[in-house]
1. Of A:Lys14/A:Lys215; A:Lys14/A:Lys405; A:Lys14/A:Lys45; A:Lys45/A:Lys215, which pairs sit farther than 20 Å apart, going by alpha carbon to alpha carbon?
2. With θ taken as phi - 60° and the coefficients 6.51, -1.76 and 1.60, list the Karplus ³J(HN,Hα) couplings across segment B:14-20 in order, rounded to whole Hz; mark glycine and proline as x.
3. Rounded to whole Hz and in sequence order, give me ³J(HN,Hα) for segment B:253-270 from the Karplus expression 6.51 cos²θ - 1.76 cosθ + 1.60, θ = phi - 60°, writing x for Gly and Pro.
4. Give the calculated FRET efficiency between A:Gln172 and A:Ser26 to the nearest 0.05, with a Förster radius of 56 Å applied to their Cβ-Cβ distance.
5. What are the aspartates and glutamates whose alpha-carbon lies under 20 Å from the alpha-carbon of A:Lys270, with same-chain residues fewer than 8 places away excluded?
6. Under the definition of partner shielding as Cβ atoms of other protein chains within 10 Å of a residue Cβ, what is the mean value for peptide A:338-345?
7. Once you average over the residues of A:219-228, how many Cβ atoms of partner chains fall within 10 Å of each Cβ?
8. Decide, for chain B, between rounded, prolate and oblate: order the square roots of the alpha carbon gyration tensor eigenvalues as a ≥ b ≥ c, take rounded if a/c falls under 1.5, and otherwise choose prolate if a/b is larger than b/c, else oblate.
Amino acid sequence: MTVSNVFRAEGLGKTYPGVRANDDISFAVEAGEIHALLGENGAGKSTLVKTIYGLVRPDEGRMTLLGAPYAPQDPRAARAAGVAMVFQHFSLFDAMTVAENIALGMENPPPRAELSRRIAELSRDYGLPLNPARRIASLSAGERQRVEILRCLLQHPRLLIMDEPTSVLTPQEAEILFATLRQLAGSGTAILYISHKLEEIRSHCDRATILRQGKLVGTVDPRAHSARELAAMMVGAEMRLVDRSGRKPGATVLKVRGLSTPAGEGMALKDVALTLRSGEILGIGGVAGNGQEELLAALSGETPTAPGTIALEGRDLSRAGPETRRRAGLLAAPEDRLGHAAVPEFSLAENTLLTAGARQGLIRRGLIDRKAASGFAQEIIRAFDVRTPGPDTAAGALSGGNLQKFVIGREVLGRPLVLVVNQPTWGVDAGAAAAIRQALLDLAAQGAGLIVISQDLDELLELSDRFCALNQGRLSAPRPTEGLTVEEIGLMLGGAHGMEVAHVPA
Amino acid sequence: MFRLEPRASAPLAWQVATPILAVLATMIVGGGLFAAMGFDPLAAIRTIFWDPLFGPASGYSRPQLLVKAGPLILIACGLALGFRAGIWNIGAEGQYIIGAICGAAVALAAYPLDAFWIFPAMILAGAAGGWAWGMVPAVLRNWFGASEILVSLMLVYVAQRIAAWMAFGPMKNPEGFNFPGSRNLQQYDAAANPELIANSGLHWGGVAAVLALAATWFVMSRHVLGFHIRTAGAAPRAARFAGVRPERLVALCLGVSGALAGLAGLFEVAGPAGQITESFGSGYGFTAIIVAFLGRLHPLGILLAGLLMALTYIGGELAQMMLNLPAATVQVFQGMLLFFLLGFDILTRYRIRRRA
């Protein structure tokens with residue numbers, strides 16, 4: 001078995017500030033197999049393939065390619081060694097032809113006629129119909145992907161990495177792609193196939209390596225497991241016991257009915273409904289890009305919605321702007337700390353003015369009370385253990401975790417009736433994450449209603465009383481977290497069906 | 001080789017130093033340019049930067065400093081508001097012209113009536129005219145997403161044609177022997193904007209400029225409106241999150257900068273210029289852009305930059321008369337100033353490191 005290894009990774013590790021992206025990853029890809037790399041967003045798939053393709057240097061561990069040590073300095077070295085990669089996003093010039101685009105990416109392009117002949121030959125051999133003289137602008141997404149694949153095949157790679165290739169394809173195009181991949185594998189090429197579409201992996205891949213939170217879960221035969229079982233492995237089976245004492249759900253504070261947003265750049269919300277009681281934490285899970293940002297913007301008031309869709313203690317706030325909602329007690333903390341929840345160039349004191357002006361009396365009759373702003377910043381720094389020289393420090397100079405503590409602290413100290421947070425501990429080190437979660441639990445214990453939007457299932461299970469999933473802009477019916485199994489969560493998050501339509505970069 | 005490394009924050013020392021460096025570089029390169037053209041560079045620099053203040057003819061040129069600096073500062077104050085918010089009004093020149101025409105229209109309609117309300121009414125009309133001209137790009141941007149940069153700039157040329165039409169048509173002085181141009185408002189006491197202190201160059205426009213500086217400082221550093229403007233410029237999403245409505249800010253910034261430019265035009269037409277002529281617009285609206293940036297969009301900086309730019313105007317004219325330097329000298333100098341300022345600005349955001 002070891003003889004046929006095309007690629008082998010041993011103990012690969014990579015740490016980014018505050019995040020252990022890959023931890024002791026070992027697996028092997030054999031010649032002639034389609035090997036799936038499976039995991040949630042943030043599980044470490046991207047870091048791992050970037051390491052293999054020479055875009056990221058691992059901190060520890062080693063790799064071998066065809067039995068020889070392999071440590072590419074850059075993608076060019078990786079290509080020279082026989083590793084090719086098809087990215088999810090294409091890098092093609094619309095105004096040029098297929099052949100011209102492919103020639104651009106080559107180190108020593110052959111004469112145009114010769115190249116066109118080889119492209120035509122390869123595309124015929126692998127059943128990838130493509131005319132070298134066509135302009136990119138006139139091609140469909142599937143045809144563009146074929147250009148990228150042909151570009152790779154011209155290098156005769158031994159290992160071909162495909163990053164979520166079917167996310168841009170129609171079902172018919174996907175079938176053509178799999179036929180091609182099968183044929184390639186048949187000729188001995190190893191294929192590393194990244195996806196989180198479980199059904200696709202079960203029907204087309206020979207083996208699957210599963211990552212969770214940067215760690216290797218294991219390498220399995222996907223055909224021997226159900227989609228549910230694979231989802232459970234992806235999501236993780238551990239349930240933490242949390243102390244929910246001191247929290248008694250009270251009266252309904254927030255009611256959302258028939259909330260829809262127009263389809264713009266992001267994901268449109270479709271008929272979202274939820275009810276939140278005081279003292280309760282509602283967890284909303286889901287893969288990023290399924291409407292999380294849009295839901296927060298609709299609740300914070302950045303996107304006004306149809307009348308009658310959002311009511312706080314019976315008062316319709318659907319058309320009210322962010323400042324009116326804050327005065328009423330509906331507070332929010334967006335996911336993006338730099339540039340959305342805080343202004344990097346401004347001092348911490350100035351950043352308190354973004355949301356706390358009215359509730360803390362920092363702005364009265366339009367006049368800024370700088371002393372009060374500085375004092376409030378100091379209060380946040382003390383209460384939330386924000387590590388910084390003081391209120392005059394620029395927000396952008398803080399580490400991610402400390403700025404996040406500041407942002408959450410600013411809203412928590414605003415004594416909200418309802419607080420909506422998106423990804424409260426994203427990119428935050430474990431210590432700061434624990435402190436933020438505790439602060440959210442304490443806030444609920446004091447009687448506030450909380451909506452926690454997160455991709456971290458452990459976090460949601462730890463915090464929330466009820467759980468629902470956001471998928472394609474639709475919110476599922478909530479389920480009590482108590483007694484919820486990981487399999488059920490997996491299915492709520494889209495499960496076998498929903499994963500298939502989640503077009504999201506890893 | 002060298003490479004640029006981003007700084008975590010822009011040090012105050014560099015923010016103050018770069019405008020000074022830009023002025024010095026302009027003098028050096030300008031001097032080199034004059035030398036290449038066969039002029040004595042030192043004499044030319046001295047004529048432009050020194051003689052207007054302390055030279056033999058300074059008695060005439062010193063009052064001109066305030067005459068020129070007043071409109072520049074007044075316009076730059078309004079532009080700075082918008083520039084801080086990332087709203088680019090490039091058409092202050094047009095708003096200046098329209099403000100002057102509207103203000104002059106009130107005076108010409110009232111002529112020869114002598115009443116106390118005429119000058120205040122002209123001020124209102126001037127501000128309203130500039131505001132309206134500034135609101136055109138604001139409305140087009142808010143309703144149709146049109147670039148306010150292009151629209152405001154193109155409206156300058158429309159305004160210039162309107163000025164020409166006024167000078168040749170509706171506003172032509174009926175007692176002017178058929179020469180183009182309106183009546184001279186300097187000779188119409190109820191509408192004139194005279195020197196307040198003899199030989200100081202100070203007229204009501206200078207007073208308005210000082211008030212505008214104070215108001216700009218107050219709004220930008222003490223009022224929530226200034227905070228919203230700065231937030232919108234630094235992080236538009238954060239501004240939205242804070243509750244700022246971008247359309248309102250666009251209308252406000254373009255409206256206010258238009259009104260201030262219109263006021264500058266009114267004070268000019270009722271004072272130093274005296275009448276609406278075909279070439280009434282003399283470039284103050286464009287030079288004020290340089291003033292705003294050279295002054296770091298800060299009131300104190302705008303005051304100093306306005307005085308400096310006024311000096312290059314006067315010095316440039318003096319150099320034309322005394323040394324026969326070409327008329328384009330002033331524009332070359334002003335252009336170089338902005339060029340060097342933007343160039344040196346890199347030093348506030350980056351540090352230069354030698355590549356290993």
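The numbers here are math on the coordinates, done by the rules we state, and not lab data. Predicted model only: the values in this text are computed from it and were never measured. Cβ placement follows ideal geometry from the backbone for every residue including glycine, while neighbour counts extend to all protein chains displayed.
1. A:Lys14/A:Lys405
2. Taking θ as phi minus 60°, the curve returns 5, 4, 7, 6, 5, x, 5 Hz for segment B:14-20.
3. 5, 5, x, 5, 5, x, 5, 5, 5, x, 4, 4, x, 4, 5, 6, 5, 7
4. Working: r = 37 Å, r/R0 = 0.67.
With R0 = 56 Å, the Cβ-Cβ based efficiency is 0.90.
5. Cross-link targets: A:Glu293, A:Glu294, A:Glu302, A:Asp316, A:Glu500.
6. Working: counts 3, 6, 7, 4, 3, 12, 5, 7.
The per-residue average across the peptide is 6.
7. On the way: counts 0, 0, 0, 0, 0, 0, 0, 0, 0, 0.
For peptide A:219-228, the averaged partner shielding equals 0.
8. Cα axes put chain B in the oblate bin.
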